[in-house]
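Below is one structure, written out as structure tokens; the observations come after it.
The values are calculated or read from the model by the stated rules, or taken from the named source; none is laboratory data. A quick note: this is a predicted structure, and the numbers were derived from the prediction, not measured. So basically every Cβ, Gly included, is an ideal-geometry build from the backbone, and we count neighbours across all protein chains shown.
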Amino acid sequence: MLFWSVQDSDVIGPALYAIGSLDAYIPNSRADNALAYRGSFGALSVGAQYSFGRDTVNAGPSPVGTNCPGESATDKSACRQWSLMAKYDTPLWGAVLSYDSQRGRTPASSTDLVFANLTSSSKKDDRLLLGAYVQVSSVKIGGGLLRRDNDGDAAKPRSDLWYLGASYPLSPQLTLTGQWSTLRYSHASDNNSTLLAARLLYSLSKRTAVYAQVGHIRNERLAAVSVSGGAAGSNPAAGASQNGVNLGVRHAF
């Protein structure tokens, strides 16, 4: 449900230079072996999802596959994942609250890799999202807070990802969007990162558009986060800043 929850408040995403660069789980949130429900009741939307073992197909480790291969016959909590969502939308504003929780597993051997150091089913990686957006004339403003509590990271288990952006149509065809986002660790400020991104999009037709996007990330002394969440191996040296430029064509089939 985190995937559906973030879409309206994150005005620039999905994009190469966006909050997915600060938390790779956001654009890759998924679960195998799951039951899910989403329904709308007027302005209210609700959702729930439960996985008995979240990576039956893709064992990773990667943002998509977390090396937690399905259900365990001996540990019912191992690899369990669930999420909830409540969302309220009107023509002028909206708000959302969602929660996502993943459990780890006990390694079978010393060579058995466990993603994110969730080496026991008692260890969890939880995310709480509170997001909102408002329409002011032709300008859409969106923002939110994603709080993460990760038992697999002993040095910096709690983090807050803040984001705030706006989208403004310069003309019926041309739209300018910008967003500020920052990842802040509790009691570990040397690992913080801040990302600025801007995009100019020109619609050629209802389905086709061209765009240009720029991004800049500033890392603190121990952080080495890439400006581009879509470029594997692009991480800078620890404490270094990084810039990115992205030109492209988008076509909706």
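Anything in the range 133-172 that is among the basic types (Lys, Arg) and over 30 Å from SER122 (Cα atoms)? List them, or say none.
Selection gives LYS140 alone.
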Subject >> Residue in the range 102-121 that is modelled with pLDDT of 90 or more and more than 22 Å from ALA155 (Cα to Cα) present >> reply: no
Subject >> Residues that are under 29 Å from SER189 (Cα atoms) and not in a loop (DSSP other than H, G, I, E, B), drawn from the range 212-253 >> reply: GLN213, VAL214, GLY215, HIS216, ILE217, ARG218, ASN219, GLN242, ASN243, GLY244, VAL245
**OP:** Examine the range 103-114 for a residue that is in contact (Cβ under 8 Å) with a residue 24 or more places away in the chain, surrounded by fewer than 16 Cβ atoms within 10 Å (Cβ to Cβ), within 30 Å of GLY42 (Cα to Cα) and out of contact with any Cys (no Cβ under 9 Å at 6 or more places or on another chain), and state whether such a residue exists.
**Re:** no
Subject >> Residue list for the range 1-57, filter: buried (at least 19 other Cβ atoms within 10 Å of the Cβ) and β-branched (Val, Ile, Thr) >> reply: VAL6, VAL11, ILE12, ILE19, ILE26
Original post:
Got at least one residue in the range 116-134 being assigned to a strand (DSSP E or B) and of a type in the set (Phe, Trp, Tyr)?
Top reply: yes
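Among the strands (runs of 3 or more DSSP E) confined wholly to the range 1-115, which include 1 or more residues that are of a type outside the set (Asp, Glu) and under 30 Å from VAL227 (Cβ atoms)? Don't jump to the end; show me each part of the working.
Values: elements: 34-41, 44-51, 81-89, 93-103.
Hits in the range 1-115: 81-89, 93-103.
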**OP:** Restrict the check to the range 153-162 and report whether at least one residue is over 18 Å from ALA223 (Cα atoms), within 15 Å of the chain's Cα centre (by Cα), surrounded by fewer than 17 Cβ atoms within 10 Å (Cβ to Cβ) and free of Cβ contacts under 8 Å to residues at least 60 places away in the same chain.
**Re:** no
Subject >> Unmet criterion (only one of (1) surrounded by 15 or more Cβ atoms within 10 Å (Cβ to Cβ); (2) free of Cβ contacts under 8 Å to residues at least 40 places away in the same chain) for ALA86 >> reply: (2)
Original post:
Taking the stated definitions as given, is ALA209 among the hydrophobic types (A, V, I, L, M, F, W, C), more than 22 Å from the chain's Cα centre (by Cα) and assigned to a loop (DSSP other than H, G, I, E, B)?
Top reply: no
